[in-house]
1. Looking at (1) within 17 Å of the chain's Cα centre (by Cα); (2) surrounded by 13 or more Cβ atoms within 10 Å (Cβ to Cβ); (3) under 22 Å from Leu108 (Cα atoms), which is the only condition Thr7 fails?
2. Answer yes or no: is there a residue in region 96-106 that is in contact with an Asp or Glu (Cβ under 7 Å, 6 or more places away or on another chain) and either under 19 Å from Ile132 (Cβ atoms) or part of a loop (DSSP other than H, G, I, E, B) (or both).
3. Counting only residues that are closer than 23 Å to Lys9 by Cβ and not hydroxyl-bearing (Ser, Thr, Tyr), which one in region 103-116 is farthest from the chain's Cα centre (by Cα)?
4. If we keep just the residues of region 76-107 that are hydrophobic (A, V, I, L, M, F, W, C) and modelled with pLDDT of 95 or more, which is surrounded by the fewest Cβ atoms within 10 Å (Cβ to Cβ)?
5. Can you list the helices (runs of 4 or more DSSP H) found entirely within region 1-61 that contain at least 1 residues being small (Gly, Ala, Ser)?
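The values are calculated or read from the model by the stated rules, or taken from the named source; none is laboratory data. Every value quoted in this text rests on a predicted model; they were computed, and no experiment measured them. Glycine also receives a Cβ, built like all others from the backbone with ideal geometry; neighbour counts cover every protein chain displayed.
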Amino acid sequence: MPRFSNTSKNRLGLAHQDLRILFDYVIKTFDCKVLYGFRTPEEQFELYKKGRKEVNGKWIIQDSKKVVTYKDGTIKKSKHNYLPSLAVDVAPYYSEEPHIRWDDTDTLHYFAGLVMGLAVLLKETGIIESTIVWGGDWNRDFILHDQAFMDYVHFQIA
């Protein structure tokens with residue numbers, strides 16, 4: 001049976017209780033890694049700078065394919081910036097290198113289906129209280145330069 005590494009346990013440990021419960025169920029059937037839970041404003045800003053350059057004191061998108069967040073951690077907070085974190089980034093984990101496969105969108109979709117199915121089941125049975133949202137469903141709400149912002153490893157409290 002898969003189990004979380006100490007790093008994943010620590011990251012998940014700073015997340016909202018419903019996310020902790022959900023992913024404790026997920027790991028029983030699908031090996032995965034918690035990439036992020038809580039992020040400080042400084043950590044969030046470092047991610048915000050990806051794909052951007054500073055021009056006259058403002059961060060402008062230079063390469064939209066490298067953008068990983070639209071939240072800067074201060075003016076616009078991410079759900080990762082709360083303690084406990086209201087969001088986690090969790091990816092399927094492969095035993096062979098590369099352990100995280102960003103281009104394997106079929107597996108990312110399959111994994112998200114499992115997570116979201118469990119989230120609905122756990123909410124319907126009263127084990128968790130929150131509705132969970134998947135970043136892969138953001139195709140209409142989060143558009144950057146005419147491209148849908150798809151965050152396939154992101155799960156958050158609605």
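1. (2)
2. Among the residues of region 96-106, not one is in contact with an Asp or Glu (Cβ under 7 Å, 6 or more places away or on another chain) and either under 19 Å from Ile132 (Cβ atoms) or part of a loop (DSSP other than H, G, I, E, B) (or both), which makes the answer no.
3. The residue in question is Leu114.
4. Looking at residues that are hydrophobic (A, V, I, L, M, F, W, C) and modelled with pLDDT of 95 or more, I get Leu83.
5. The qualifying helices (runs of 4 or more DSSP H) are 6-13.
Conditions tested, residue by residue: (1) among the β-branched types (Val, Ile, Thr); (2) more than 14 Å from the chain's Cα centre (by Cα); (3) surrounded by fewer than 20 Cβ atoms within 10 Å (Cβ to Cβ).
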position: Arg11; (1), (2), (3): no, no, no
position: Gln17; (1), (2), (3): no, yes, yes
position: Cys32; (1), (2), (3): no, no, no
position: Glu46; (1), (2), (3): no, yes, yes
position: Tyr70; (1), (2), (3): no, no, yes
